[in-house]
Amino acid sequence: IDTVPPAQVTGVSVTMGLDYTNLPVADVRWTATTDNVGVVGYDVYAQGSGGNVLVASVGGSETRAFNIHTNGYPTTAFTVVAKDFIGNASTPSDPVTANTCGLVPPTVYPPTGVVADTVTATAATISWRPSSATECSAAPPTGYAVIDRASGTGVQLVTTSPTTYSVRVALSPDTRHVISVVPTGGGQRLLESSSIEVQTPPVTCPATPRFVRGPSGASVSDVTTTTATITWPNEPPSECGQVIPTAFEVAAADHVVLATVASPGTSATLTGLTPGTIYNVHVHAIGGEYSGPGDSGPFNTNSPDVTFTTVAPVDPPTDTATFGVAGTATLKNLTKGALPLSGQTTATFAADGAVSANLTIAPIRSVTLKVLGFLPVSATVEMIPTAPVTGQLTGTRLTATAKVRIKLPKITTAGIPLAGGAGCQATQVSSIPLASTGPFTVAGGGTLAGSFSISNLAGCGVLTGLVSPLTAGGGNAIAVTLTPAAPSAT
């Protein structure tokens, strides 16, 4: 029986590099050794913080092992052992140390021995042994972070000081957690520990009264003089003994109930509120064994108060006011530019907000228009009211409708009459709906805008058929500003 091992391997050298993922790898070479029968293979061992580990095996004719990963450790000592047919192993070669400090950043070794103790449905104590060493002039860790890798990307649960190696962490009940620990510190490579699995049990609720919780928050919208809408989130139970409410009450601070909504409703419109009044309201959940507004202790809490003020009433004017009218109108198909409007209106405001007004608009003389987008013409345009303006003033919003007939008594180009005449007008009255674009008050007036349509023209002479299609149609914009007229001198 052959009991003679191969001769010790010599000439070992190590060259470090990076693989395609930028991880350090070693290229180990040696001089072929001899055996009385024959060398059948070589084993390469790496000595790191994990001990002496077999990292490569090659045939007896090889004198090289390459692409050997160093498992993240910057400094590794390599040895080579020869084997013969019987399995006799040579004495390990003299170790050759490889260093990756020129290839990787300063490195902190990972913590080891991670364990979990005192596991409950919602927490566990995580302990570990601190990082054993640093390489490449790395600074010691500034602390440790406990990570849950169950989601893949990882969630940091807690951080500790550099001298704290055990910490209580919050966990989700009835959940598989994958826990690891990584040192913290800037500007260096921090190696993470091996992970452990921690399975938390489900929550077991002790005997406790069934109760409901008020929403975690509430908001207000659509506030008017007498109404407001309160909205709150739909939140499922999250505590032992907590049940879904059967209904929700919106109540004032003095527990006066303003509205009740069946679950799972999440909004209520309050009505009958007092104008110009500050309200503090909350949402109260009804259900469980504790549901009265006077309940104390941890059960049936209300939402935080939400504060709002109803719109102050606007005293409806009951008198008559005169306004100057100034603005512009565009005859969409005929003009390039705007027609200047001026005039006057005397309006009566009733107690219920109804508005009635007489309107006069001055003729627009010698305005320059363009036919077909390029042919300049000079025209006189008249907008003749055919009925009083009617409308409604609600708060500071004014809506109104004016009815006018469009007339074009004179249209010329280069002084040559094209069309017109006393009877040149739209065949139908134009109804012009207007609405205030901002606050409107009797004392300050305001701006109104809208659009209107023009029917076909008639009575404009032999060129009526040419002019009418150029004026008829909708989308004609109008905007006017009503300015209170100065009082007459007495």
Handout entry: Residues within segment 235-249 that are of a type in the set (G, A, S) and either farther than 20 Å from G287 by Cβ or in a loop (DSSP other than H, G, I, E, B) (or both), tallied
Key = 2
Practice task
Collect the residues in segment 330-362 that are surrounded by 15 or more Cβ atoms within 10 Å (Cβ to Cβ), at pLDDT 85 or above and part of a loop (DSSP other than H, G, I, E, B), keeping them in residue-number order.
Solution key: G353
Fill in the blank from the handout: Of all strands (runs of 3 or more DSSP E) fully inside segment 127-234, the set with 2 or more residues that are farther than 30 Å from P313 by Cα and out of contact with any helix residue (DSSP H, G or I) (no Cβ under 7 Å at 6 or more places or on another chain) is 143-148, 155-160, 166-170, 176-184, 196-199
Completion exercise
Within segment 155-172, restricting to residues that are closer than 22 Å to P202 by Cα and touching a Ser or Thr at 6+ places or on another chain (Cβ under 9 Å), the one that is surrounded by the most Cβ atoms within 10 Å (Cβ to Cβ) is L171
Practice task
Answer yes if at least one residue in segment 474-484 is more than 23 Å from A354 (Cβ to Cβ), surrounded by 19 or more Cβ atoms within 10 Å (Cβ to Cβ) and touching a Lys or Arg at 6+ places or on another chain (Cβ under 7 Å), and no otherwise.
Solution key: yes
Exercise for the section: For P141, state whether it is within 40 Å of the chain's Cα centre (by Cα), surrounded by fewer than 20 Cβ atoms within 10 Å (Cβ to Cβ) and farther than 30 Å from K83 by Cβ. Expected result: no
Exercise for the section: Could you please find all residues in segment 220-255 being small (G, A, S) and under 19 Å from G276 (Cα atoms)? Expected result: S221, A228, A251, A252, A253
Completion exercise
Counted residues in segment 253-270 being under 32 Å from the mean Cα position of the chain (by Cα), in a strand (DSSP E or B) and not polar (S, T, N, Q) come to 5
Problem - Tally, over segment 443-464, of residues that are in a strand (DSSP E or B) and β-branched (V, I, T) - result: 2
Completion exercise
Taking segment 292-329 and keeping only residues that are farther than 29 Å from V223 by Cβ, modelled with pLDDT under 85 and crowded, with 18+ Cβ neighbours inside 10 Å, one is left with F299
Exercise for the section: Would you check if there is a residue in segment 271-282 being assigned to a strand (DSSP E or B), β-branched (V, I, T), in contact (Cβ under 8 Å) with a residue 60 or more places away in the chain and out of contact with any Cys (no Cβ under 9 Å at 6 or more places or on another chain)? Expected result: yes
Handout entry: Near pairs, Cβ below 8 angstrom, 6+ apart or cross-chain, from segment 18-35 (without any contact (Cβ under 8 Å) to a residue 24 or more places away in the chain) to any residue that is surrounded by 12 or more Cβ atoms within 10 Å (Cβ to Cβ) and not in a strand (DSSP E or B)
Key = none
Handout entry: Residue list for segment 1-40, filter: surrounded by 13 or more Cβ atoms within 10 Å (Cβ to Cβ) and at positive phi
Key = G11
Completion exercise
Within segment 119-134, the count of residues that are among the hydrophobic types (A, V, I, L, M, F, W, C) and more than 13 Å from V167 (Cα to Cα) comes to 2
Fill in the blank from the handout: Across (1) closer than 30 Å to Y45 by Cβ; (2) under 43 Å from the mean Cα position of the chain (by Cα), A133 clears everything bar (2)
Handout entry: Check on P376, over 44 Å from the mean Cα position of the chain (by Cα) and loosely packed, with under 15 Cβ neighbours inside 10 Å
Key = yes
Completion exercise
Restricting attention to segment 407-440, the residues that are among the hydrophobic types (A, V, I, L, M, F, W, C) and out of contact with any Ser or Thr (no Cβ under 8 Å at 6 or more places or on another chain) number exactly 3
Fill in the blank from the handout: Exactly one of A82, A98, A124 is surrounded by 20 or more Cβ atoms within 10 Å (Cβ to Cβ), over 30 Å from D2 (Cα atoms) and over 44 Å from the mean Cα position of the chain (by Cα), and that one is A98
Practice task
Looking at (1) outside any strand (DSSP E or B); (2) in contact (Cβ under 8 Å) with a residue 24 or more places away in the chain; (3) surrounded by 14 or more Cβ atoms within 10 Å (Cβ to Cβ), find the lone condition where G423 falls short.
Solution key: (3)
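The values are calculated or read from the model by the stated rules, or taken from the named source; none is laboratory data. What you see is a predicted model; the values in this text were computed from it and never measured. Positions of Cβ are backbone-derived with ideal geometry, glycine not excepted, and every protein chain shown enters the neighbour counts.
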